[in-house]
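Read the structure below first, then the notes.
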Amino acid sequence: MDLKSNEPFWLVKNGIIQSYPSLREDLSCDVLVVGGGITGSLIAHQCMEDGYKTVLIDKREIANGSSSATTSMLQYEIDTPLYKLIDMIGEDGAISSYKACSEAIDELQEICQKIKSEAGFKKKKSLYFAALKKDVKNLKKELHARQKAGFEVEWMEADEISKQYQLDKTYGGILSDQGASIDAFALVHEILNYNIKRGLRVFDKSKLVKVRHGNPFNEIDLQTGAVLKARKIVYCVGYESALMIKEKFVNLISTYAMVSEVESKLSKLYDDLLIWNTSDPYIYLRTTDDGRFLIGGEDEEFRNPQKRDRLIGKKEKRLLKSFEKHLPNIPFYSDFAWAGTFGETKDGLPYIGEHKGFKNSYFVLGFGGNGITFSVAGMKMVSDWMNGEIHPLSEWFRFGR
């Protein structure tokens, strides 16, 4: 499955950061991480931290799946509002999930500092505004739920938003202190490079074709002809898990994004802010670390890559109209536009845990708008699983919930 189309901005901007070999010799390891995107790199990092002999493989080039197409808005806000999630799974699970995403932003910052990342991690505030007047009631309900849970949030009236951020056509919104952005494509390579220096083995263009489950080793056949022996397998394959797991547990969605030409002076006001709204589907907006505006949204059900890609021009025009509606005084000259595919779950939560159909294996599938923060939360969950412990979030992130 093709998870992105055309050339996403991050891929063009960064070029070939590092090349990796394919695996053509038999190897054994403690942990095999399948998937070389941001999730796989974080899980491999955790396994190396814990002292496990670790191998990472990807069927593509490293970070050339969803991690090259992501807009990398790091938010603790889950696609399902907190007050709704409380009704769905209870207060304990909902608040714990939100807090895990909030803590993940700080944890990712610590990782970036540790590896001396230059991928542009930047802490930002997050503005969640009402797209329609009728949305205000539920948005204030969300405000009170977050305040009660201890999150630092405040209400901004429409005129305050207009005055402070020159953002038009809003009906008020929630301003959160916790948020960030990053170049995920570059960060993947930085994390892997850091860990390669201490023993991580990384291979691209090495497709897994068959697993023979055994004790104490699983045997994994690769398309290259190599055979891997691994005590544990961690699948970080994102939306392609829908092709691996028989039951339907995720809906695939096409999303669209575009970035402007460099507008350094005009973008400065928004350098410390993430913006999204209550539309369904919602739009999301931020600046890049080189002074461009990025806007995304126009989501719809994924049918096939060809149909998704044919809509890029049409979706680009719609996104431009949304930008002009809310920021009419800023010119947006499109420089890149692309499409990607992501997963949407019934409750907005990820699937992280064991699956009965895969022995000695664990899945870390961070779906929705919080894929990266969910993946950071998944690091500790994998660590606990390897030690035979049950993580507190397992109950809410498990398969079959």
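Each value in this text was obtained by applying a stated rule to the coordinates, not by laboratory testing. None of the values given here were measured: they were computed from a predicted structure. As a convention, Cβ positions derive from the backbone with ideal geometry for all residues, glycine included, and neighbour counts pool all protein chains shown.
Data for the structure
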read-out: Leu132/Lys265 FRET efficiency (R0 25 Å; Cβ-Cβ; nearest 0.05); value: 0.20
read-out: Charge sum, other residues only, whose C-beta stays under 12 Å from Phe332's C-beta, Lys/Arg counted +1 and Asp/Glu -1; value: -1
read-out: In nm, spacing of pseudo-spin labels at Lys125 and Asn387 (7 Å Cα→C-beta vector); value: 3.8 nm
read-out: Lys, Arg +1 and Asp, Glu -1 on Cβ, resulting dipole of the chain about Cα centre, debye, nearest 20; value: 860 debye
read-out: Derived scalar couplings ³J(HN,Hα) [the stretch 377-384; Karplus, 6.51 cos²θ - 1.76 cosθ + 1.60; whole Hz; x for Gly, Pro]; value: 4, x, 4, 5, 5, 5, 4, 5
read-out: Inter-part distance where the stretch 7-37 and the stretch 129-166 are each reduced to a Cα centre, Å; value: 41 Å
read-out: Difference of contour (0.36 nm per residue) and Cα-Cα distance, Lys321 to Glu154; value: 57.3 nm
read-out: Gain upon complete extension [Lys314, Asp168; 0.36 nm per residue less C-alpha separation]; value: 50.2 nm
read-out: Under the Karplus curve 6.51 cos²θ - 1.76 cosθ + 1.60, θ = phi - 60°, whole-Hz ³J(HN,Hα) for the stretch 253-264, x wherever Gly or Pro sits; value: 10, 8, 10, 10, 8, 8, 10, 8, 5, 5, 9, 3
read-out: Solvent-free Debye scattering, log10 I(q)/I(0), computed from the Cα coordinates of the chain at q = 0.06, 0.09 Å⁻¹; value: -0.23, -0.51
read-out: Per-pair calculated FRET efficiency, R0 = 45 Å: Glu395 and Asp221 via Cβ, rounded to 0.05; value: 0.85
read-out: Theoretical FRET efficiency, 1/(1+(r/R0)^6), r = Cβ-Cβ of Val209 and Asp289, R0 51 Å, to 0.05; value: 0.85
read-out: Angstrom value of the Kirkwood radius, inverse mean 1/r, which spans all Cα pairs in the stretch 136-233; value: 18.8 Å
read-out: Gained length - Asn304 relative to Asn360, 0.36 nm times residue gap less alpha-carbon distance; value: 16.9 nm
read-out: Residue pairs, from the table Lys169/Lys321; Lys125/Lys148; Lys84/Lys307; Lys137/Lys268, whose Cα atoms sit over 21 Å apart; value: Lys84/Lys307; Lys137/Lys268
read-out: Span from the the stretch 344-383 Cα centroid across to the the stretch 207-242 one, whole angstrom; value: 18 Å
read-out: Under the Karplus curve 6.51 cos²θ - 1.76 cosθ + 1.60, θ = phi - 60°, whole-Hz ³J(HN,Hα) for the stretch 236-252, x wherever Gly or Pro sits; value: 10, 9, x, 6, 6, 4, 5, 8, 9, 9, 5, 6, 7, 10, 8, 9, 8
